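A.B. asks: Right, I'll just put the structure down here and ask away after.
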Amino acid sequence: MVFRSLARPLLASWFIYGAVESVLEPELRAARSAPVMEPILQESGLDVSLTDLVKVHGVATLAAASVLALSRTPRTAGVALTGLAAITAAAGRPFWKLEEGPARDLERERFFVNLSLLGGAMLAATAGHSAGHRKRVKNRKVKAKARRQNAKNRA
């Protein structure tokens, strides 16, 4: 339980950082994803700016990562982050479109960092709450029900 209570905010921290950057300064990320995303947007006929899509992705990532960090619904947050991280990995670091050299090597490294975060989000989606947490929640519900019943009987 201690590991999960530490692991979730630690995993979420990178997503939160990236999400805030996406919302505040989306231009760089939009430019980086343009080689992948612009053909998709043109083919689909959507008239949406890539910068706006980066901002929306950032807001969604910020929301899901915050939920994960607070351990509210970790599986749901993990599933959401898995989808969002998959988009980031596929569109955010298209190293294969760059010429050989240091820039391509750096982008490839960051691509694999994104794949690692995708794996972490997938683990978060499968981990859920610990058995002890579920037992405590169940006990709280039982006690609350008993209190309500006692209050009803006294009235």
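A.B. asks: Any chance the stretch 95-105 includes a residue that's touching an Asp or Glu at 6+ places or on another chain (Cβ under 7 Å), farther than 21 Å from Ser13 by Cα and of a type in the set (Phe, Trp, Tyr)? Show your work before the answer.
C.D. replies: The first filter runs over the stretch 95-105 and keeps only residues touching an Asp or Glu at 6+ places or on another chain (Cβ under 7 Å), leaving 95, 98.
Imposing the further condition that a residue be farther than 21 Å from Ser13 by Cα reduces the set to 95, 98.
With of a type in the set (Phe, Trp, Tyr) added as a condition, the list becomes 95.
Scanning the stretch 95-105, I find at least one residue that is touching an Asp or Glu at 6+ places or on another chain (Cβ under 7 Å), farther than 21 Å from Ser13 by Cα and of a type in the set (Phe, Trp, Tyr), so the answer is yes.
For (1) in contact with a helix residue (DSSP H, G or I) (Cβ under 8 Å, 6 or more places away or on another chain); (2) over 30 Å from Val20 (Cα atoms); (3) modelled with pLDDT of 90 or more, each residue gets a yes or a no:
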position	(1), (2), (3)
Ser66	yes, no, yes
Gly83	no, no, yes
Pro94	yes, no, no
Lys97	yes, no, no
Phe111	yes, no, yes
Leu123	yes, no, no
Gly132	no, yes, no
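A.B. asks: Looking at the structure I just gave you, is Gly58 in contact (Cβ under 8 Å) with a residue 40 or more places away in the chain, surrounded by 15 or more Cβ atoms within 10 Å (Cβ to Cβ) and farther than 18 Å from Met122 by Cα?
C.D. replies: On the way: in contact (Cβ under 8 Å) with a residue 40 or more places away in the chain: yes; surrounded by 15 or more Cβ atoms within 10 Å (Cβ to Cβ): yes; farther than 18 Å from Met122 by Cα: yes.
So Gly58 fits the description; yes.
A.B. asks: So in the stretch 84-106, with the set limited to residues that are of a type in the set (D, E, K, R) and out of contact with any Leu (no Cβ under 6 Å at 6 or more places or on another chain), which one is nearest to Ala63 (Cα to Cα)? Give the steps one after another, and end with the answer.
C.D. replies: Filtering the stretch 84-106 down to residues of a type in the set (D, E, K, R) leaves 93, 97, 99-100, 104-105.
Okay, now just the ones that are also out of contact with any Leu (no Cβ under 6 Å at 6 or more places or on another chain), so 93, 97, 99-100, 105.
Numbers: Arg93: 22, Lys97: 31, Glu99: 36, Glu100: 37, Asp105: 31 Å.
Top of the filtered list is Arg93.
A.B. asks: Here's a follow-up. Suppose we filter Arg29, Arg72 for residues that are over 13 Å from the mean Cα position of the chain (by Cα), of a type in the set (Lys, Arg) and in a loop (DSSP other than H, G, I, E, B); which single one remains? Before you say what the answer is, go through the steps one by one.
C.D. replies: Values: Arg29 fails: in a loop (DSSP other than H, G, I, E, B).
That would be Arg72, the only listed residue that is over 13 Å from the mean Cα position of the chain (by Cα), of a type in the set (Lys, Arg) and in a loop (DSSP other than H, G, I, E, B).
A.B. asks: Separate question: Select from the stretch 105-129 the residues that are more than 12 Å from the chain's Cα centre (by Cα) and either touching a residue at least 60 places away in the same chain (Cβ under 8 Å) or not in a helix (DSSP H, G or I) (or both) and list them in ascending order.
C.D. replies: Result: Ala127, Gly128, His129.
A.B. asks: What about Ala89, is it at pLDDT below 90 and closer than 17 Å to Val113 by Cβ? Break it down stepwise before answering.
C.D. replies: Values: at pLDDT below 90: yes; closer than 17 Å to Val113 by Cβ: yes.
So Ala89 passes the test.
A.B. asks: Look through Lys97, Lys138 and report the one residue that is surrounded by fewer than 20 Cβ atoms within 10 Å (Cβ to Cβ), farther than 26 Å from Glu38 by Cα and among the basic types (Lys, Arg). It would help to see each step written out before you state the result.
C.D. replies: Details: Lys97 fails: farther than 26 Å from Glu38 by Cα.
Every option except Lys138 fails the conditions.
A.B. asks: Whether any residue in the stretch 27-37 is surrounded by fewer than 19 Cβ atoms within 10 Å (Cβ to Cβ), out of contact with any strand residue (DSSP E or B) (no Cβ under 9 Å at 6 or more places or on another chain) and basic (Lys, Arg) is what I want to check.
C.D. replies: To start, the set of residues in the stretch 27-37 that are surrounded by fewer than 19 Cβ atoms within 10 Å (Cβ to Cβ) comprises 27-28, 31-32, 34-36.
Of the ones still in play, those that are also out of contact with any strand residue (DSSP E or B) (no Cβ under 9 Å at 6 or more places or on another chain) are 27-28, 31-32, 34-36.
Next cut, basic (Lys, Arg) only: 32.
Yes, some residue in the stretch 27-37 is surrounded by fewer than 19 Cβ atoms within 10 Å (Cβ to Cβ), out of contact with any strand residue (DSSP E or B) (no Cβ under 9 Å at 6 or more places or on another chain) and basic (Lys, Arg).
A.B. asks: All but one of (1) closer than 24 Å to Ala127 by Cα; (2) without any contact (Cβ under 8 Å) to a residue 12 or more places away in the chain hold for Pro102; state the number of the condition that does not hold.
C.D. replies: (1)
A.B. asks: Where the second residue is outside any helix (DSSP H, G or I) and the first is small (Gly, Ala, Ser) and lies in the stretch 66-84, which pairs have Cβ atoms under 8 Å and are six or more apart or on separate chains?
C.D. replies: Ser71/His129
The values are calculated or read from the model by the stated rules, or taken from the named source; none is laboratory data. Values in this document were obtained by computation on a predicted structure and should not be read as measured data. Glycine gets a Cβ as well: all are built from the backbone with ideal geometry, and neighbour counts include every protein chain shown.
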